[in-house]
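Report on the following structure.
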Amino acid sequence: LQKAPLGADLVIPLLALGFAAYFFFSIRELAWEAKANGVIIGTLLVLLVFVQLVRIAVAVMKGRGSLRTDPLWQPREVLGKRIGMVLIAIAFIATLKWLGLTLGLLLGMASSLWLMGVRKPVRIALISLGVAASAYLLFIAALDSAFPHGPIENAVAHLLGRA
Amino acid sequence: MTWQLLADQFATQFGLWWIIIPAILLGIIVGILPGFSPQNTLIMLLPLTLAVPVEQALAFMIALYCANHLSGGIPAILVKIPGSGGAAATTLDGYPMTQKGQAQQALVLCFTASVFGGLITTLATIALLPWLSKLGLYLRSVEMVVVMLFGLTLIAVIAAKDTIKGLIAGLFGLLIGVIGTDNIYNTPRATFGFLELYDGVPLVPALIGLFAISEALVMLEEKMIVSKEGRERAMQTQWADTLEGLRMSLQKWWHIVWTSFIGLFIGIVPGAGASIAAFVAYQQSQMWSKHPELYGTGIPEGVIAPEAANNGVTSGTLVPMMALGVPGGSTAAVMMIVLQYHGMIMGPRLFTTNPGLAYGVFVSMAVAYIFMIFTILPLARYMARIVLIETTYLAPIIILVTTVAAFAERQYLFDMGLALVFGVIGYVAHKTSYHVTAILIGVILGPLFEGYLVRSLRLSEGDPMVLFSSTLGNILWALLVLSLVLPVVRASIIRKKATP
């Protein structure tokens with residue numbers, strides 16, 4: 001009989017425990033009005049996390065579960081795509097200031113599609129251009145939102161005489 | 001109020017179809033996109049609504065607002081990404097219906113429950129306005145603490161497979177919801193040194209991360225979001241599926257009625273809103289169902305309850321605004337500004353000084369709902385096709401486009417990163433059954449709960465017994481305990497019956 005991989009079940013409780021500890025630390029010198037709600041919620045949360053830790057410990061000791069974290073990584077064949085997508089999203093946000101929304105999204109989409117296994121250049125180009133152009137029209141042209149402007153936005157503004 | 005007045009108002013509003021239909025279409029688009037709230041859209045269109053006559057401005061704002069509440073359910077059903085917090089509960093059964101190849105039927109259920117739920121409660125509001133307007137006055141901060149805790153009990157019930165996990169997720173969300181400066185002294189708490197968190201955790205990045213990004217990371221495991229059988233069904237969608245959705249709605253007409261009234265009553269409470277209404281309706285629907293174990297597997301009642309309730313909220317939210325001059329939500333606040341600009345003074349006297357316009361608001365809403373069903377129902381068949389897009393294309397589009405949408409609410413690049421952080425938390429929660437919905441309820445309720453709790457405690461100079469000092473509050477406490485205990489008792493009875 002395969003043991004349940006309960007190690008993954010520890011991630012959220014430990015994250016919650018760490019955050020509650022930081023929360024208590026951050027409110028230690030505040031007035032009671034600023035503390036009351038956080039103390040009540042945080043205490044309940046810590047109690048429940050301990051209940052969950054005890055449940056997992058009992059299951060592991062009785063041989064019903066193990067501390068493996070498999071559910072987070074499986075299926076292994078898509079793990080690379082998953083981590084890659086998060087890294088592309090981080091790179092997209094980090095470079096947005098310089099690339100601007102349109103070029104950033106264009107490059108982000110193209111690299112994501114390539115990562116997902118799409119190898120037809122025309123398809124990659126068409127989808128990326130479609131998404132980037134839609135974003136430009138909605139966020140820059142129509143709504144004039146405060147997204148950073150990059151080479152494409154500046155070039156279009158120059159062409160339209162708005163530079 | 002006379003019948004003549006109402007008849008005139010209906011005639012006037014039907015004559016404004018040329019404003020109502022474009023507003024409905026705009027509201028649908030805005031509602032589908034996470035990050036675009038109706039209040040932001042109305043603010044952007046403020047120059048337009050201030051420039052036209054008040055009746056036209058009103059018809060436009062109301063139609064956009066109602067359509068927005070309806071369409072948040074569309075992405076919730078198709079790709080498990082709620083367009084707004086009010087549609088988060090729709091994902092629970094709407095998305096499983098999609099996975100079974102019943103996306104078209106689920107969309108029709110969503111549309112009919114939204115439209116008829118909204119229409120019924122609007123007509124009820126017109127009839128009962130003088131009495132409904134007083135309801136909000138009975139709920140003070142003490143009672144509101146219990147109402148908020150009702151939201152909390154839902155966490156345990158929704159995550160019924162493992163209550164402890166549900167409660168941990170919910171309380172974790174509640175604690176995240178407390179991040180930011182406190183209400184009294186404005187001192188920052190748990191902001192990790194980020195100025196962007198001083199106003200609290202913004203809801204849109206949380207919603208996008210917990211639902212959209214985490215779901216996109218999970219959906220990579222499959223070629224398509226629908227099962228193989230579901231794919232075959234989705235490829236052969238016909239008008240008959242729309243008719244089947246209508247038939248399902250007709251069969252559950254009473255469900256639409258009573259869950260929409262939950263939305264109406266919660267909508268009247270200032271600050272409560274569509275998110276809470278939808279979850280309360282879902283939980284009540286499950287609690288009183290003959291087959292509660294089927295909730296979450298893709299059943300019509302699980303789509304009807306949250307959708308009818310979140311549209312029942314639309315008329316409820318406007319009741320305190322019209323009758324007391326207290327806007328029930330942020331969209332109502334924007335509408336109030338526009339109406340005041342046009343010289344309307346909100347409050348009890350409005351119904352004697354300007355009854356045409358006062359009742360006209362709700363008549364306009366009823367007319368918007370009537371137009372809406374004819375505008376949106378034929379689109380269900382075509383919208384349902386989106387589930388046939390391969391995840392190879394869908395996942396990158398969802399991750400990058402929703403990350404961009406996270407920027408829309410406050411226009412901070414920080415919020416895009418925050419959405420990604422919530423996405424990773426949501427992914428872990430999703431893979432370990434910690435229920436992202438419970439975390440989201442917590443984030444939504446956090447600031448509201450703190451506001452009411454601290455107000456109650458200040459009034460009693462710190463004495464927590466104040467929470468048990470009112471009769472209405474104590475009745476609500478009893479109902480809350482009943483909500484927690486009843487499902488456990490029922491499950492135990494079912495288990496005993498099943499054991500030979």
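Within region B:377-391, can you find the residues that are part of a helix (DSSP H, G or I) and either in contact with a strand residue (DSSP E or B) (Cβ under 7 Å, 6 or more places away or on another chain) or modelled with pLDDT under 85 (or both)? Walk me through how you get there before you give the answer.
The first filter runs over region B:377-391 and keeps only residues part of a helix (DSSP H, G or I), leaving B:377-388, B:391.
Of everything in region B:377-391, those that are part of a helix (DSSP H, G or I) and either in contact with a strand residue (DSSP E or B) (Cβ under 7 Å, 6 or more places away or on another chain) or modelled with pLDDT under 85 (or both) turn out to be B:LEU377, B:PRO378, B:LEU379, B:ALA380, B:ARG381, B:TYR382, B:MET383, B:ALA384, B:ARG385, B:ILE386, B:VAL387, B:LEU388.
Mind checking which residues of region A:30-46 are of a type in the set (A, V, I, L, M, F, W, C) and modelled with pLDDT under 95?
Initial filter on region A:30-46 (of a type in the set (A, V, I, L, M, F, W, C)): A:30-32, A:34, A:36, A:39-41, A:44-46.
Once the filter is applied, which keeps residues that are of a type in the set (A, V, I, L, M, F, W, C) and modelled with pLDDT under 95, region A:30-46 yields A:LEU30, A:ALA31, A:TRP32, A:ALA34, A:ALA36, A:VAL39, A:ILE40, A:ILE41, A:LEU44, A:LEU45.
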Contact list, first residue from region B:181-197 and more than 7 Å from chain A (Cβ to nearest Cβ), second anywhere and open to solvent by less than 60 Å² (accessible area, probe 1.4 Å) and acidic (Asp, Glu), beta-carbon distance below 8 Å, six or more apart or interchain, is B:ASN183/A:GLU33; B:ASN183/B:GLU450; B:GLU196/B:ASP415
Residue match in region B:330-341 (condition: under 21 Å from the mean Cα position of the chain (by Cα), within 14 Å of another protein chain (Cβ to nearest Cβ) and not charged (D, E, K, R)):
no
So, first residue of a type in the set (S, T, N, Q) in region B:459-477, second residue in a helix (DSSP H, G or I) and open to solvent by 70 Å² or more (accessible area, probe 1.4 Å), Cβ within less than 9 Å, six or more apart or across chains; the pairs are B:ASN474/B:PHE468
Reported set for region B:150-170 where residues are modelled with pLDDT under 75 and either farther than 21 Å from B:GLY302 by Cα or open to solvent by 40 Å² or more (accessible area, probe 1.4 Å) (or both) is B:ALA160, B:LYS161
In region B:388-446, anything more than 7 Å from chain A (Cβ to nearest Cβ) and charged (D, E, K, R) is listed as B:GLU390, B:GLU409, B:ARG410, B:ASP415
Scanning region B:82-104 for residues that are of a type in the set (Val, Ile, Thr) and within 24 Å of B:TYR369 (Cα to Cα), the one surrounded by the fewest Cβ atoms within 10 Å (Cβ to Cβ) turns out to be B:THR91
Restricted to region A:120-145 and to residues being open to solvent by 60 Å² or more (accessible area, probe 1.4 Å) and either among the polar types (S, T, N, Q) or in contact with a Leu (Cβ under 9 Å, 6 or more places away or on another chain) (or both), the residue farthest from the other protein chains (Cβ to nearest Cβ) is A:LEU129
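Of all residues being under 25 Å from A:PHE25 (Cα atoms) and of a type outside the set (Ser, Thr, Tyr) in region B:198-214, which is farthest from the other protein chains (Cβ to nearest Cβ)? Just the residue, please. Steps first, please.
Filtering region B:198-214 down to residues under 25 Å from A:PHE25 (Cα atoms) leaves B:198-203, B:206.
From the residues that got through so far, the ones that are of a type outside the set (Ser, Thr, Tyr) too are B:199-203, B:206.
On the way: B:ASP199: 15, B:GLY200: 12, B:VAL201: 12, B:PRO202: 15, B:LEU203: 18, B:ALA206: 14 Å.
By that ranking, first place goes to B:LEU203.
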Just to be sure before I move on: is B:VAL363 within 30 Å of A:LEU96 (Cα to Cα) and part of a helix (DSSP H, G or I) in the structure I sent? no
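On the basis of being at pLDDT below 90 and either open to solvent by less than 50 Å² (accessible area, probe 1.4 Å) or of a type in the set (A, V, I, L, M, F, W, C) (or both), does A:SER112 make the cut?
Values: at pLDDT below 90: no; either open to solvent by less than 50 Å² (accessible area, probe 1.4 Å) or of a type in the set (A, V, I, L, M, F, W, C) (or both): yes.
Criteria not met by A:SER112.
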Can you confirm whether region B:290-299 contains a residue that is among the hydrophobic types (A, V, I, L, M, F, W, C) and modelled with pLDDT under 85?
no
Checked region A:46-72 for anything small (Gly, Ala, Ser), in contact (Cβ under 8 Å) with a residue 40 or more places away in the chain and in a helix (DSSP H, G or I); matches are A:ALA59
| Does B:LEU486 satisfy the condition of being open to solvent by 30 Å² or more (accessible area, probe 1.4 Å) and touching a residue at least 60 places away in the same chain (Cβ under 8 Å)? | yes
Within region B:215-230, of all residues that are more than 12 Å from chain A (Cβ to nearest Cβ) and open to solvent by less than 40 Å² (accessible area, probe 1.4 Å), the one nearest to A:PHE24 (Cα to Cα) is B:GLU215
Those residues of region B:277-289 which are at pLDDT 85 or above and farther than 20 Å from B:LEU445 by Cα amount to B:SER285, B:GLN286, B:TRP288, B:SER289
Checking B:PHE261, B:PHE265 in turn, the sole residue that is open to solvent by 60 Å² or more (accessible area, probe 1.4 Å) and away from chain A (no Cβ under 14 Å) turns out to be B:PHE265
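Take the residues of region A:85-94 that are open to solvent by 10 Å² or more (accessible area, probe 1.4 Å) and within 10 Å of chain B (Cβ to nearest Cβ): which is nearest to A:ILE140 (Cα to Cα)? Show your work before the answer.
In the first step, residues of region A:85-94 are kept if they are open to solvent by 10 Å² or more (accessible area, probe 1.4 Å); the result is A:86-88, A:90-91, A:93-94.
Pick out the ones that are also within 10 Å of chain B (Cβ to nearest Cβ) and you get A:86, A:88, A:90, A:93-94.
Values: A:VAL86: 25, A:ILE88: 22, A:ILE90: 22, A:ILE93: 17, A:ALA94: 19 Å.
Residue satisfying both the conditions and the ranking: A:ILE93.
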All conditions in (1) of a type in the set (Val, Ile, Thr); (2) modelled with pLDDT of 80 or more; (3) more than 19 Å from B:ALA281 (Cα to Cα) are true of B:ILE81 except (2)
When region B:423-436 is checked residue by residue, the ones that are open to solvent by less than 10 Å² (accessible area, probe 1.4 Å) and within 12 Å of B:ALA212 (Cα to Cα) are B:GLY423, B:GLY426
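In the set A:ARG68, A:ARG64, A:ARG28, A:ARG55, which member is over 24 Å from B:VAL428 (Cα atoms) and open to solvent by 40 Å² or more (accessible area, probe 1.4 Å)?
Only one candidate passes the filter, namely A:ARG28.
State whether the residues of region B:269-286 include one that is outside any loop (DSSP other than H, G, I, E, B), among the hydrophobic types (A, V, I, L, M, F, W, C) and surrounded by fewer than 19 Cβ atoms within 10 Å (Cβ to Cβ). Write out each step before concluding.
Filtering region B:269-286 for residues outside any loop (DSSP other than H, G, I, E, B) gives B:273-286.
From the residues that got through so far, the ones that are among the hydrophobic types (A, V, I, L, M, F, W, C) too are B:274, B:276-281.
Narrowing the set further to residues that are surrounded by fewer than 19 Cβ atoms within 10 Å (Cβ to Cβ) leaves none.
Scanning region B:269-286, I find no residue that is outside any loop (DSSP other than H, G, I, E, B), among the hydrophobic types (A, V, I, L, M, F, W, C) and surrounded by fewer than 19 Cβ atoms within 10 Å (Cβ to Cβ), so the answer is no.
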Could you check, for region A:66-74, whether at least one of its residues is within 7 Å of chain B (Cβ to nearest Cβ), closer than 21 Å to B:THR163 by Cα and of a type outside the set (Gly, Ala, Ser)? yes
Q. What about A:LYS97, is it touching a Leu at 6+ places or on another chain (Cβ under 9 Å), open to solvent by 40 Å² or more (accessible area, probe 1.4 Å), at the interface with chain B (Cβ under 8 Å from one of its Cβ atoms) and closer than 15 Å to B:TYR393 by Cα?
A. no
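Applying the selection to region B:368-391, what residues are of a type in the set (Val, Ile, Thr), more than 19 Å from B:ALA63 (Cα to Cα) and open to solvent by less than 60 Å² (accessible area, probe 1.4 Å)? Walk me through it before giving the result.
At the first step, the residues of region B:368-391 found to be of a type in the set (Val, Ile, Thr) are B:370, B:373, B:375-376, B:386-387, B:389, B:391.
Those still in the list that are more than 19 Å from B:ALA63 (Cα to Cα) too: B:386-387, B:389, B:391.
Of everything in region B:368-391, those that are of a type in the set (Val, Ile, Thr), more than 19 Å from B:ALA63 (Cα to Cα) and open to solvent by less than 60 Å² (accessible area, probe 1.4 Å) turn out to be B:VAL387, B:THR391.
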Check region B:176-187 and report whether any residue there is at pLDDT 90 or above, in contact with a strand residue (DSSP E or B) (Cβ under 8 Å, 6 or more places away or on another chain), assigned to a loop (DSSP other than H, G, I, E, B) and surrounded by fewer than 19 Cβ atoms within 10 Å (Cβ to Cβ). yes
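The values are calculated or read from the model by the stated rules, or taken from the named source; none is laboratory data. These numbers come from a predicted model, not from an experiment. Cβ atoms come from the backbone with ideal geometry, glycine included; neighbour counts cover every protein chain shown. Accessible surface areas use protein heavy atoms only, side chains included; no ligands, DNA or RNA. Shrake-Rupley method; radii C 1.70, N 1.55, O 1.52, S 1.80 Å.
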